[in-house]
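Here the structure is laid out as structure tokens; the discussion comes afterwards.
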Amino acid sequence: MGCGRVGAKLATDLDLEGHSVAVIDQDDAAFGRLPDSFAGITVKGVGFDRDAMIRAGVERAVAFAAVSSGDNSNIIAARVARETFGVENVVARIYDPRRAEVYQRLGIPTVATVAWTAAETLHQMLPERVREEWRDPSGTIALGEFAVDAGWIGTLYSTLARTADVTLAVVNRFGQGLLPHPDLVVQQDDRVHLMYEVARAEDVESILASAPVEEK
């Protein structure tokens, strides 16, 4: 639902991967963003209207993305797709971060455009900051990318994880992802992806931003 820049790009990419794709938009002109090679179908109509969704094939869909410019329209469409038509994989783009958090807690997957853009921009401006990459629907557990102080170099990641009380998911080293193993040690310029309790984010960041305290 939505054939703006995001919707058109999403539909085009899925089409190129060989998926059957349908795009719904209220404006015929919006479909002009799709390439001439687009093999999917276009449906003019309101994205959360049941008739429009049926014409788009929602009853056969395995996934539905609501990526129009309206938060309310996106969330209504996502709920109709999931609750009325039983589409298993549903996601809604939400501009208001507060709304996105509420809908996440209700079990409706969302992409919080403003929050993500702000976080990504801060990460590029201030690369030493923690960057949250995912949060569970309850808002309790998150996956985030952290920088590690040089004082940790040579330390086993298992020790780091135990000290910070986190779970190590992956280490990014010179652009290559490394899965954790017992002998993996911290090296210079590593970026680590950790699972942690949201309430402890500042605490975890503080621990990793300082050299470890030597045990006496």
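Observations
- When residue 44 is tested against the conditions (1) modelled with pLDDT of 95 or more; (2) under 26 Å from the mean Cα position of the chain (by Cα), the lone failure is (2).
- Members of region 23-49 that are out of contact with any strand residue (DSSP E or B) (no Cβ under 9 Å at 6 or more places or on another chain) and surrounded by fewer than 17 Cβ atoms within 10 Å (Cβ to Cβ): 29, 32, 35, 36, 37, 39
- Residue tally, condition of a type in the set (Val, Ile, Thr) and closer than 18 Å to residue 171 by Cα, over region 188-216: 3
- Exactly one residue among 107, 151, 139, 144 is at pLDDT 70 or above, at positive phi, surrounded by 12 or more Cβ atoms within 10 Å (Cβ to Cβ) and not acidic (Asp, Glu), and that residue is 139.
- Against the numbered list (1) without any contact (Cβ under 8 Å) to a residue 24 or more places away in the chain; (2) of a type outside the set (Ser, Thr, Tyr); (3) crowded, with 16+ Cβ neighbours inside 10 Å, residue 213 comes up short only at (3).
The values are calculated or read from the model by the stated rules, or taken from the named source; none is laboratory data. This one's a predicted model, so the numbers in the text were calculated from it and none came from an experiment. Note: ideal-geometry Cβ built from the backbone for every residue, glycine included; neighbour counts use all protein chains shown.
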